[in-house]
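Quick notes on the structure that follows.
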Amino acid sequence: MSIETKHLFIEEILSEWKSRIGDDYPGYRGHVYRVFNFCLALRSCTEEEKLKLAIAACFHDIGIWSDHTMDYISPSVAQAKQYLSNAGLQAWSDEIGLMVEFHHKVRTYGDERYPLVELFRKGDLVDFSLGFFTFGLPRRYIRQVKKAIPNSGFHKFLMQGATDWFSEHPLSPPPFMKW
């Protein structure tokens, strides 16, 4: 399994967000690429599916920076759909919107019309869990991806956000979690 560290669409999309993401950019860029690679390793994809995964990867957490909130799912979906509209790719809006909306779904996403939604959920969870969840990916491959694409403090950033959330809402799960 190969590891993609540069992808035209990902670089193009993320470059537009670099200044807004600021110091968190290297960490988020790495997360985007690791999720993208894990998705591609979990399933053979067409070129169109790869583009959809690349776009979803770029936008899935972007609401953290666009709206400065840990309740970032809706803003992330809105940013993805705005990008798709501007790019003339409105036909992909429903599917990519669902990929972003349900990437933190606890249970399996079961709508078979959109298999990329479940694939993306799994790819994100492999990275989010630091490889604890593998969905059948070889642990050696996960280590190779993590070595090739550094974390750059992304999980530390997530832990700080979770700490802030739970200090204000000790009995509530984060709003980005979906059952």
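The values are calculated or read from the model by the stated rules, or taken from the named source; none is laboratory data. Keep in mind the model is a prediction, meaning the values are calculated, not measured. With ideal geometry, Cβ positions are generated from the backbone for all residues, glycine too; neighbour counts draw on all protein chains shown. Heavy atoms of the whole protein, side chains included, go into the accessibility calculation; ligands, DNA and RNA do not. Shrake-Rupley method; radii C 1.70, N 1.55, O 1.52, S 1.80 Å.
Odds and ends about this structure:
- Test result for residue 43, within 24 Å of residue 146 (Cβ to Cβ), open to solvent by 20 Å² or more (accessible area, probe 1.4 Å) and in contact (Cβ under 8 Å) with a residue 60 or more places away in the chain: yes
- Verdict on residue 34 being modelled with pLDDT of 95 or more, over 20 Å from residue 118 (Cα atoms) and not in a loop (DSSP other than H, G, I, E, B): no
- Subset tally (residues that are touching a helix residue (DSSP H, G or I) at 6+ places or on another chain (Cβ under 8 Å) and farther than 14 Å from residue 39 by Cβ) for segment 103-133: 7
- Residue count for segment 32-64, restricted to those that are more than 30 Å from residue 139 (Cα to Cα) and in contact with an Asp or Glu (Cβ under 7 Å, 6 or more places away or on another chain): 0
- Test: residue in segment 112-126 that is loosely packed, with under 14 Cβ neighbours inside 10 Å, outside any helix (DSSP H, G or I) and of a type outside the set (Asp, Glu): yes
- Within segment 92-114, the set of residues being touching a residue at least 40 places away in the same chain (Cβ under 8 Å) and closer than 23 Å to residue 47 by Cα comprises 92, 95, 96, 99, 100, 101, 102, 103.
- Count of residues meeting criterion [small (Gly, Ala, Ser) and either closer than 24 Å to residue 130 by Cα or touching a helix residue (DSSP H, G or I) at 6+ places or on another chain (Cβ under 8 Å) (or both)] in segment 3-28: 2
- In the set (1) open to solvent by less than 30 Å² (accessible area, probe 1.4 Å); (2) out of contact with any helix residue (DSSP H, G or I) (no Cβ under 8 Å at 6 or more places or on another chain), residue 72 fails one condition alone, (2).
- Residues being in contact (Cβ under 8 Å) with a residue 40 or more places away in the chain and open to solvent by less than 20 Å² (accessible area, probe 1.4 Å) - total across segment 75-91: 0
- Considering segment 3-21, the residues that are free of Cβ contacts under 8 Å to residues at least 24 places away in the same chain and of a type outside the set (D, E, K, R) include one that is farthest from residue 142 (Cα to Cα), namely 19.
- Taking the numbered list (1) free of Cβ contacts under 8 Å to residues at least 60 places away in the same chain; (2) part of a loop (DSSP other than H, G, I, E, B); (3) open to solvent by 20 Å² or more (accessible area, probe 1.4 Å); (4) farther than 18 Å from residue 42 by Cβ in turn, residue 130 passes all entries but (4).
- Search result, residues across segment 3-40 that are hydroxyl-bearing (Ser, Thr, Tyr), open to solvent by 50 Å² or more (accessible area, probe 1.4 Å) and under 19 Å from residue 72 (Cβ atoms): 19
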